[in-house]
Amino acid sequence: MDFVFDGVVQDVLDILNTLEPQYISVSEMMFFITYLGKEYQGSILTKDKIVEFINEFRSLKARAKVVEDVVSEFCLPENFVGNKTDKRDFHNWKNETQSMFNSFDLMSLFEYDTAKQRLLLKASINGENITFKRSNLIKSEYFKQHEVQKDVRFELHHIVPFYYAKDIDALKAIDNWQNLIYIDANSHKIFSLDKSAKKAIRLNFKDLDAVLDNLIGDEIVLKYMDNIKYKAELQQRLVRYNQNLLGIKQTKMIH
């Protein structure tokens, strides 16, 4: 399913898990989340920036309806020139978003409240309660363990995404700071959009650079400090945790 949505499923889960209250409306998906990874004012829009926009939008309260009306009136095909792709149609845009939410509803972790037009996280799976740690708590733990400072050009990336989990225990293991790396926004965009890159779920290191591969030979190298920030002393711990998640016999790291 993640391949259908251009790698956005894990990002949607992360954003949902950061927002309070925990939901994403159809309008929030249309106006903000669909722009994740795109350039805006000279920088790439990260998950943190999208959450910031959504919180600002929610702070408008009743005035948010005015924004929706303005966008709806602006996004009419007759207001644009060019082919069908160039002509923006608000109603088609909204229908596509609602269809996406219906597809999310088919996944084990999400549910779509059609009455309120909101995407939610399920409270239980097959009768078993599931609670993800708040994204902010996991982020804080990552920064604490790795002793790195927050950088607006970087964002946290799940090495093994949640949709690789086969059961509740695996989901809980994936929901851990040891399954995260702090990478630059452009690299995160590549992992989200490139079909080979998004399958790169095995972690290793070459000196200080991190190497992610897709288990069949395709590699992505993240240059230390340019593309990834982490505490070098934690290399072996991160590799071991990754190997346990993947059920791989522990091997020595690349040097």
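Over 24 Å between Cα atoms, which of LYS47/LYS150; LYS166/LYS198; LYS38/LYS122; LYS47/LYS133; LYS47/LYS122 qualify? Among LYS47/LYS150; LYS166/LYS198; LYS38/LYS122; LYS47/LYS133; LYS47/LYS122, the Cα-Cα distance tops 24 Å for LYS38/LYS122.
State the percentage of accessible surface on the range 61-171 attributable to carbon and sulfur atoms; use a 1.4 Å probe and exclude ligands, DNA and RNA. Intermediate values should be presented prior to the final figure.
Values: 3700 of 7310 Å².
Answer for the range 61-171 is 51 percent, counting heavy atoms of protein chains only.
In a DSSP loop and with at most 13 other Cβ atoms within 10 Å, the trypsin sites (Lys or Arg not before Pro) in the range 201-255 are LYS223, LYS231, LYS249, LYS252.
The residue list GLN235, PRO77, LEU180 was ranked by how far each Cα lies along the charge dipole of the chain toward its positive end, using unit charges on Cβ atoms, and GLN235 comes out on top. A 1.4 Å probe run over the range 75-179, with the rest of the protein chains in place, finds 61 Å² accessible per residue. Amide H contacts under 5 Å for LYS206: VAL211, restricted to partners 5 or more places along the chain or on a different chain, H placed in the peptide plane at 1.01 Å from N.
For the chain, what does the helix formula give at 222 nm: sum of -39500 (n - 2.57) over DSSP H segments with n ≥ 4, over the residue count, nearest 500 deg cm²/dmol? Display every interim value, and only then the final one.
Values: 9 runs with 95 residues, N = 255.
So the helix-based figure for the chain works out to -11000 deg cm²/dmol.
Shape summary of the chain, radius of gyration then Dmax from alpha carbon positions: 19.4, 62 Å.
As a test of reading the structure, rank TRP93, TRP177 by solvent-accessible area (1.4 Å probe, protein chains only), most first.
Numbers: TRP93 60, TRP177 20 Å².
In descending accessible area the options line up as TRP93, TRP177.
Suppose we keep just the DSSP beta bridges with both residues in the chain; what percent of those would be antiparallel, to 5? Bridges in the chain are about 95 percent antiparallel.
Each residue of the range 13-30 was assigned a 3J(HN,Hα) from its phi angle through the Karplus curve 6.51 cos²θ - 1.76 cosθ + 1.60 (θ = phi - 60°); the sequence is 4, 4, 5, 4, 6, 9, 5, 9, x, 7, 7, 10, 7, 4, 5, 5, 5, 5 Hz, with glycine and proline shown as x. Counting Lys and Arg as +1 and Asp and Glu as -1 over every other residue whose Cβ lies under 13 Å from the Cβ of THR131, the net charge comes to +2. Karplus-derived 3J(HN,Hα) values for the range 229-245, using 6.51 cos²θ - 1.76 cosθ + 1.60 with θ = phi - 60°, are 10, 7, 8, 4, 5, 9, 3, 5, 5, 5, 5, 4, 5, 5, 5, 5, 4 Hz; glycine and proline are entered as x. In order along the range 212-220, the phi-based Karplus estimate (6.51 cos²θ - 1.76 cosθ + 1.60, θ = phi - 60°) of 3J(HN,Hα) comes to 10, 10, 9, 6, 10, x, 7, 10, 10 Hz; Gly and Pro are listed as x.
For ILE125, the amide hydrogen comes within under 5 Å of the amide hydrogens of ILE130, counting only partners 5 or more places away or on other chains and with H modelled in the peptide plane.
Taking the Cα centre of the chain as origin, work out the dipole magnitude from +1 charges on Lys and Arg Cβ and -1 charges on Asp and Glu Cβ, in debye rounded to 20. Mind showing how you got there, number by number?
Values: 35 positive and 37 negative charges, 107 e Å.
For the chain, the charge dipole is close to 520 debye.
When the surface is traced with a 1.4 Å probe over the full set of protein chains, THR46 keeps roughly 10 Å² accessible. Of all the options ILE44, ILE125, ILE33, the one that moves most in a Gaussian network model of the chain with Cα springs shorter than 10 angstrom is ILE125.
The values are calculated or read from the model by the stated rules, or taken from the named source; none is laboratory data. Note that this is a predicted model, so its numbers are computed, not measured. Neighbour counts are summed over all protein chains in view; Cβ atoms, including those assigned to glycine, are modelled from backbone coordinates with ideal geometry. All accessible areas refer to the heavy atoms of the entire protein, side chains included, with ligands and DNA or RNA removed. Shrake-Rupley method; radii C 1.70, N 1.55, O 1.52, S 1.80 Å.
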